[in-house]
Each structure stands twice: as structure tokens, then as C-alpha cells.
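Here the structure is laid out as C-alpha cells; the discussion comes afterwards.
The values are calculated or read from the model by the stated rules, or taken from the named source; none is laboratory data. Nothing here was measured: the structure is a model prediction, and the numbers come from that model. Every residue, glycine as well, gets a Cβ built from its backbone with ideal geometry; the counts of neighbours run over all protein chains shown. To get the accessible areas, we keep the full protein, side chains included, count just its heavy atoms, and leave off ligands, DNA and RNA. Shrake-Rupley method; radii C 1.70, N 1.55, O 1.52, S 1.80 Å.
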Amino acid sequence: MNRVLAIQSGEIYNKNNIRTNYQKLIHEFNNLLGIINPGDKVLIKPNLVAPSEMATTDSYLLECVISTVLEIGAKPIVAESSGFEFSTEKTFEILGIDSLCKKYDIPLINLDVEEFIEVESGNPYVPKYKLPKLISEVDKIINMPCLKGHSITKVTFSIKNLFGLLHRESRRKIHATNLEMGIRCLKKLVHVDFIIVDGLWNLTNAVFSDYFYQGIVLAGNDMTAVDICCCRLFGVDYKSIPHIYGPDEQNGFSYVELSEIVHYDNKIKERSKHFSRQSKKYKIMYSVDLLFYSICKFSFIPYAHYFLGLRPYVNKKKCKKCGLCEKICPVNAINGQKISIKKCFNVRCLRCLDACPYHAIEKRGFHKQ
């Protein structure tokens, strides 16, 4: 029978607690022995959608998984592609994923430049998906999603996390047609052997969101079972999520909390109209982008996200020219009271926002709330 285990501890971020909880979880799965075998090539798929620590798979939790795979005698490979509006290369660099993989001398694959193959999808709207050739070359896959919300699909857990494996062309087409169906069809194409869910931080949206620490980690061997349990913790009815709810949710599974889980209210239930509006808006945007891309050979979506979505700017009336924002910016986009659009364009990590003691760095765009 499929199993899902959850554990929670600590009121603040603490690496020792993270490692202890992780070890307790995988001990219940025989430290992944049998799931992963010596000599296996193991693809680890984190959620690195943007250069934001709170919105992405925790690098230390990722390091714990890498260590376990290496201890078994297997060969880990980390692979990911960021969201449309972000640079995958800069995301790896800013989050320290490139340094982490160098530390353990393991491959880090930027899927934006990886070789892809076309496969039959079973999706009537997008009959063929482009998936990395790498998937056919590895023996096992470990999925490492985050426990967080999403502005279109309500949630992004293990099944939704597979979306980052797709070629951007396939993602564009799926967004323009039926996102939920597209995700559900993708799940049938990619066999995942184990799931570790990072629920350390609570976010209502996929990237730009208020957040607070909750210290939850989940583990399981079936994505549907894991996502149903994630819905329970996140305060969402899994039957309201089309890419989770379906015939295969009838599979039996056991759910055990290794520690008493405190459930947090993330206000997700109060946003039903928001999800409907966002779904329509993004479907139109990606449909237009399909036509735009076919003519101009580049996507306007990153520009739409930067100029209409959310971006930082300096309020000169509040700025005291202390220089803290310049020091904290990982891409040197800030010079005095000016932010370089070119440098900030596909990063927007908003570290400057948190760093400024005078609140002189503010948000601009329709999503600033």
C-alpha cells in the first residue's frame, strides 16, 4: 500500500531540525534502500521556479536528499527549469544550487538547454509533449516539490511540480488550452519513485506571496496520495483540484503524522473568484503569446510579468542612500537610486525589498498586493 508520512517541528528555520525530521521520514522508508539501488542514475527534480528562497525547494533539504542518494551508491542528477519570466541560470546561481552541486561533484542540468524528445501525451488539446531526453536515461526519479499555493491551479504540490520538466513550447500550449488537463496527462508520462515535499514555508502563491515558517516535511511513494495529504495540510478540498481528483485517487494509502501537525490558515478558501479570473487571464495571455512567438520567435510573457506583474523600484523620497540594497542585490542591478531593468528583468528576487531599513524599495505592478 502507498504511504505518506508528515512531520513538523520548530517555530524558526533550523538546519538541525530539518535534517532530524528528514532522517525520521526516510527511516520509515528504509532510508530509500530498495527504492534507490546502488549504481542507479537518480534524477532529482526540485521546485526552483524563481530566485526566491521561500518559494523554492530548500537547498539544505535538497542537500540531505543528495547525501542519501550518494550514501546508497547511486548517482544523483539535479535538473530543473524556472518559470517563463525567470532565468534558470540566475536562479541556480542566486539560490546556491550550482555551488551545492559542485560541492558534491554531481551534474546540474538546466532544462532550458537540454535535448528534448516528443511523446504522445493523451491530451486532445496538445497531442504531443516535449520532455527531456534525460528522463529516458535515468533509472529513478525523486520529486521535491513545495507545499504552496498557485494563482491558477490553487496549489502546486508533487503533480504540478512535474510541469518544470516540460519544454517551454509545451508549457505555453498547455497554458493556452487546459492547464489542469495538461498537468494530469503529464503525470501519466513521468514515473516518480519517491517524493519529498518541502513545506517549511507557507505561501499562498507560487512566487510572490506573504510567507511564514511552518516547518512541515512530507514523504511518500505515490504522487496522488502525497498531493491529497498536502491538500489536507493546506486546507484545500482535493476534490476541487482537477489535476489531483480523478479515477486514480481511489488508490488506497495510509497517512501518518510522525509529530502533531499544526494546521495553518492561509486564506486560500477566500480566493475562489481570484482563481477563476487568473485562469481566464493567463489562458488569453498564453494564447496571444503562441501567435506572437510564431511570428517574432521570442516570448512577450517575461515582459508582461515585469512591467505589469511585480517589480521593485526606489522611492527617492524615502531613500537615505545607505547602500544596503546595492550590497544585497545578487545581480548588481541597483546603482544609487536607480534599478537596471536589464539586470533585474528576469530575476526580481526582491531581496532589496527586505533589506531596506527605510522601506524605500517598494513594489510596482498590478500584483503588488
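Just a few scattered comments:
- Volume per residue of the C-alpha convex hull in the range 1-155, rounded to whole Å³: 156 Å³
- Cross-link pairs exceeding 18 Å in C-alpha to C-alpha distance, out of Lys90/Lys318; Lys90/Lys342; Lys317/Lys363, comprise Lys90/Lys318.
- Compactness ratio for the range 70-122: Cα radius of gyration over 2.2 N^0.38 Å (N = residue count) comes to 1.36.
- Computed log10 I(q)/I(0) for the range 170-223 at 0.20, 0.26, 0.31 Å⁻¹: -0.95, -0.96, -1.03, from the Debye equation with unit scatterers placed on every C-alpha and solvent omitted.
- Restricting the calculation to Cα atoms, the range 323-369 yields a radius of gyration followed by a Dmax of 10.2, 28 Å.
- Cys185 contributes an accessible area of around 20 Å² to the protein surface, as traced by a 1.4 Å probe with all chains present.
- Option label - percent of Cα pairs over 26 Å apart computed here, alternatives [x] 55; [y] 45; [z] 51: [z]
- The chain, relative contact order [Cα under 8 Å, separation at least 6], %: 19 percent
- Whole-angstrom gap from the range 295-363 to the range 1-29, using each part's C-alpha centre: 36 Å
- Scaled to the globular estimate 2.2 N^0.38 Å, the Cα spread of the range 93-245, given as radius of gyration, is 1.05.
- Lys/Arg +1, Asp/Glu -1 at C-beta; the range 165-233 dipole; positive extreme among Thr177, Phe208, Gly220: Thr177
- Over 20 Å (Cα to Cα) - which of Lys45/Lys187; Lys75/Lys140; Lys133/Lys154; Lys75/Lys102; Lys45/Lys130 fall in this group: Lys133/Lys154
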